[in-house]
Every structure is written in structure tokens, then in C-alpha cells.
Amino acid sequence: MTYETAIAALADPTRRCIVERLRGGPLPVSALADGLPVSRPAVSQHLRVLSGAGLLQVTPHGTRRYYGLAPGGVDELRAWLDAMWDDALAAFAAEARLEARRREKERPR
């Protein structure tokens, strides 16, 4: 899975809702579909996309399949976001140093 795949999968609001519901633990399709504004087959299709993106794991239990968040499923996405955050913090720190130097030069002696 790449971070691009995860972002694409999570771009859909229904998929984000499904992921939010799964934060509490694995659930069958029927429980995930309950209350969503899409049909159960549509929920199954969303689950396939999320699974294909490496965000979910599926555990068969009798005739039911339970979907849960895949441990490590967002690792690459998180690494990408962390790198962006690190870049933003580094840019902020550099700007703060520049501003401190400017103020030091402007200060009367």
C-alpha cells in the first residue's frame, strides 16, 4: 500500500465513516451498513476498496466476515504526514530564527 492509495480510499466520506466505526473494533457488514445512507452492497464495495488499500483486515467467523482496521494499515500514510509535519515545523523554526535575527539588528544599542 502507498500513502496515495490510502488517501484515495479515505477520500470518500462513506469510507471515512466506516473507518470511524471500526475504531471501536471489528464489525460485520450488517453492523457497518446500519444507518449509512448507502445500500448494503454499496457498503461491501466500499469495504473492498478499503481492504484493497491495506486499511482493513477481514476475519471469517462462521458465515459472517468481520472487518477491522489493519494494524499498520496506515503506516505509510502516517510516515508521509509525519514528514510533511516535520517539513512544516522546520520551515517555521527557520522563519522564527530569521525573525529573531531581524529584531536583533533593529534593536537599539
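The values are calculated or read from the model by the stated rules, or taken from the named source; none is laboratory data. The structure displayed is predicted, hence computed values, not measured ones. Neighbour counts run over all protein chains shown; Cβ positions are idealised from the backbone, glycine included.
Across segment 1-38, the qualifying residues are those that are at pLDDT below 95 and polar (S, T, N, Q), and the one among them that is farthest from the chain's Cα centre (by Cα) is S30.
Every residue, every condition in (1) charged (D, E, K, R); (2) farther than 23 Å from E76 by Cβ, yes or no:
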position	(1), (2)
E4	yes, no
A11	no, no
E20	yes, no
S39	no, yes
H46	no, no
G62	no, yes
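When the criteria are applied in full, R65 fails the requirement of being buried (at least 16 other Cβ atoms within 10 Å of the Cβ) and basic (K, R).
The single condition among (1) touching a Phe, Trp or Tyr at 6+ places or on another chain (Cβ under 6 Å); (2) at pLDDT below 90 that E106 does not meet is (1). Taking the criterion of being small (G, A, S) and either in a loop (DSSP other than H, G, I, E, B) or surrounded by fewer than 16 Cβ atoms within 10 Å (Cβ to Cβ) (or both), the residues of segment 48-62 that qualify are G52, A53, G54, G62. Counting the residues of segment 1-45 that are part of a helix (DSSP H, G or I), of a type in the set (A, V, I, L, M, F, W, C) and touching a His at 6+ places or on another chain (Cβ under 8 Å) gives 1.
Within segment 68-76, is there a residue that is in contact (Cβ under 8 Å) with a residue 60 or more places away in the chain and either outside any loop (DSSP other than H, G, I, E, B) or at positive phi (or both)?
To start, the set of residues in segment 68-76 that are in contact (Cβ under 8 Å) with a residue 60 or more places away in the chain comprises 73-74, 76.
Next, from what is left, pick out any that are either outside any loop (DSSP other than H, G, I, E, B) or at positive phi (or both): 76.
Looking for residues that are in contact (Cβ under 8 Å) with a residue 60 or more places away in the chain and either outside any loop (DSSP other than H, G, I, E, B) or at positive phi (or both), one finds at least one in segment 68-76, hence yes.
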